[in-house]
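Just below is one structure, and these are the notes that go with it.
Computed from the coordinates by the stated procedures, all read-outs in this text should not be read as laboratory data. This structure is a prediction, so every number in the text was calculated from the model and none was measured. Here the Cβ positions follow ideal geometry from the backbone for every residue, glycine too, while neighbour counts run over all protein chains shown.
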């Protein structure tokens, strides 16, 4: 298990994500973009995740050089992003971030698949590697806040460039994993995706990410407009991810007593609660802190569980495609929908109503899991754990 090489990649990848979700919106606001434009350009980045992971997964499967694809995509993401330094025009930046995200989104599904194979499908091993991504996010959230308070949000751009450079450097030293051997005749991919539990699982992943739309697109702007400093905003982001790290460390103990289905039910119910708390109580800092505690479940627990379920549903030669499909449907379609509706509603309906709609999406996902992802559905892969 190449622990530190994989951990370094996750550290810089999620550092870049931390810059994007914590601070990029404030940079766009500084250069004059309105809420709708911020929502659109964020949605454009998510839209690339619908196509990019599958294109790159096909290229990796066709060439048999999965990690070579990661190296190439990481380099092209770094190169394409540099154009953002030379323009503040909305349409040019939309094009720059479309190209950047097309390459940036290629790497993670392939590395996720490699990490799960290196860890032999064990969530506990995966979580110990993945937690370094959370550490990277925290470093960016806490480190940039005070700097941006006394300088300019322009420094978001060089910060992101450094993160992308780190991604490329670590992509050069990640070793290829051994592909899973299987003597079984692979089920056609579309038929596998249409299995009731698999289809329901992919739908609730889409809804979960869509419910995060107002949070990932406008949370920093929301706090800024509510009177919070950059330091406070960074600390709130970081605190949520600190709680996420704790979850990654003890999740395997929880799984001994709670099945994956129940973990999903808990995650969606707490997501609905979290968005209501953020939407209705922006001035109550202790409520916001509690809402960030819930990030441990609504992202940390949920994402680790989803990755394991993808690993179980999509086996053998479908494994890399399964991770790409999960990323495309969840972070691609779901993320784009979340950014799009939050951008449209933020000014017209207000922040409170936008977060209330997000809570409704999470609750809808809860209902789907309760009804359609049940133990004993014939012909479906069942995630391990008692009390599913």
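Note down, for the stretch 196-256, the three equivalent ellipsoid semi-axes (square root of 5 times each alpha carbon gyration tensor eigenvalue), biggest first, whole angstrom.
For the stretch 196-256, the ellipsoid semi-axes come out as 29, 20, 5 Å.
Among 66, 128, the ranking by other beta carbons within 10 Å of each residue's beta carbon, starting with the fewest, stands as 128, 66. With R₀ fixed at 35 Å, the C-beta to C-beta distance from residue 256 to residue 173 puts the FRET efficiency at about 0.50.
Comparing 208, 309, 45 in a Gaussian network model of the chain (Cα springs below 10 Å), the most mobile by mean-square fluctuation is 309. Ellipsoid fit via the Cα gyration tensor, the chain: semi-axes of 31, 25, 19 Å, each the root of five times an eigenvalue, largest first.
Share of Cα-Cα pairs in the stretch 67-158 beyond 20 Å, in percent? Cα-Cα pairs in the stretch 67-158 separated by more than 20 Å: 56 percent.
One decimal place: the segment residue 5-residue 284 gains 96.3 nm when fully extended, by the rule 0.36 nm per residue minus the C-alpha distance. Sorting the segments 129-140, 351-362, 244-255 by their residues' average number of neighbouring beta-carbon atoms within 10 angstrom, most packed first, yields 129-140, 351-362, 244-255.
Taking every C-alpha pair closer than 8 Å and separated by at least 6 residues, the mean separation divided by the residue count of the chain gives a relative contact order of 30 percent. Within the stretch 24-65, whose backbone N sits under 14 Å from a point 7 Å along Cα→Cβ of residue 147? Correct set: 24. For the chain, a Gaussian network of Cα nodes joined below 10 Å ranks 81, 12, 290 by mean-square fluctuation, and the top entry is 290. In percent, rounded to a whole number, the relative contact order of the stretch 48-112 is 50, using alpha-carbon pairs under 8 Å and six or more apart.
Take every Cα pair under 8 Å in the stretch 18-163 that's 6+ residues apart, average their separations, divide by the length, and report that relative contact order as a whole percent.
Relative contact order for the stretch 18-163 comes out at 36 percent.
From helices alone, the chain scores -25500 deg cm²/dmol at 222 nm; the rule is -39500 (n - 2.57) for each run of n ≥ 4 DSSP H residues, then divide by the residue total.
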